[in-house]
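**Student:** Attaching a single structure in structure tokens format; questions to follow.
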Amino acid sequence: VENRMPPNAPGAYDISKVSVPPVPTFQARPRYPLDLRRAGFGGEGVTLFTVATDGTVKDAMIVRATDVRFGEAALEAVLKWKFRPAQLNGAVVDCRMMVPIVFTLENQ
């Protein structure tokens, strides 16, 4: 699976442009797709999302995944994450970031 990256939403800054990046305060663990685990497959789901000024995740999408089920599991987890929001010159701002989530059988 591979999707085109959309442009930044108005008012959202790329993580490389902020003074203080978002800091996770809660990260839900992704659910390993049962059929892929049973088959012995590992993989990755890469998500793109915006951390809002209230620390919630919005505008989340799958950028690419080795299997659509890994992408869906990564997206499901990321949507539950909470952050201390990004700052730009002392002001809290929306910040867009990309995160890969790797699924390996050794960690399960």
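The values are calculated or read from the model by the stated rules, or taken from the named source; none is laboratory data. Quick caveat: nothing in here was measured; it's all calculated off a predicted structure. Using ideal geometry, Cβ is built from the backbone for each residue, glycine included, and neighbour counts are taken over all protein chains shown. Side chains are part of the model used for accessible areas, which takes the heavy atoms of the whole protein and leaves out ligands, DNA and RNA. Shrake-Rupley method; radii C 1.70, N 1.55, O 1.52, S 1.80 Å.
**Student:** Filter segment 37-73 for residues that are part of a loop (DSSP other than H, G, I, E, B), of a type outside the set (A, V, I, L, M, F, W, C) and open to solvent by 90 Å² or more (accessible area, probe 1.4 Å); which is nearest to E106 (Cα to Cα)?
**Tutor:** The selected residue is T66.
**Student:** Additional query: Can you tell me which residue in segment 74-108 is nearest to G55 (Cα to Cα), limited to those that are of a type in the set (V, I, T) and surrounded by fewer than 20 Cβ atoms within 10 Å (Cβ to Cβ)?
**Tutor:** Selected residue: V92.
**Student:** Among the candidates G90, G43, G71, single out the residue that is of a type in the set (G, A, S), in contact (Cβ under 8 Å) with a residue 40 or more places away in the chain and touching a helix residue (DSSP H, G or I) at 6+ places or on another chain (Cβ under 7 Å).
**Tutor:** G43
**Student:** Let me ask something else about it. Mind counting the residues in segment 86-108 that are in a strand (DSSP E or B) and charged (D, E, K, R)?
**Tutor:** 2
**Student:** Can you tell me which residue is farthest from V92 (Cα to Cα) among those in segment 1-36 that are in a helix (DSSP H, G or I) and out of contact with any helix residue (DSSP H, G or I) (no Cβ under 8 Å at 6 or more places or on another chain)?
**Tutor:** This residue is L34.
**Student:** Consider only pairs whose beta carbons are under 9 Å apart and that are at least six residues apart or on different chains; among these, list those whose first residue lies in segment 10-29 and is touching a residue at least 12 places away in the same chain (Cβ under 8 Å) and farther than 19 Å from L75 by Cβ and whose second residue is among the charged types (D, E, K, R) and open to solvent by 90 Å² or more (accessible area, probe 1.4 Å).
**Tutor:** So the pair list comes out as V20/R84; V23/R84; T25/R84.
**Student:** Considering only segment 14-36, state which residues are in contact with a Lys or Arg (Cβ under 9 Å, 6 or more places away or on another chain) and either open to solvent by 90 Å² or more (accessible area, probe 1.4 Å) or among the charged types (D, E, K, R) (or both).
**Tutor:** Answer for segment 14-36, where residues must be in contact with a Lys or Arg (Cβ under 9 Å, 6 or more places away or on another chain) and either open to solvent by 90 Å² or more (accessible area, probe 1.4 Å) or among the charged types (D, E, K, R) (or both): D14, T25, F26, Q27, D35.
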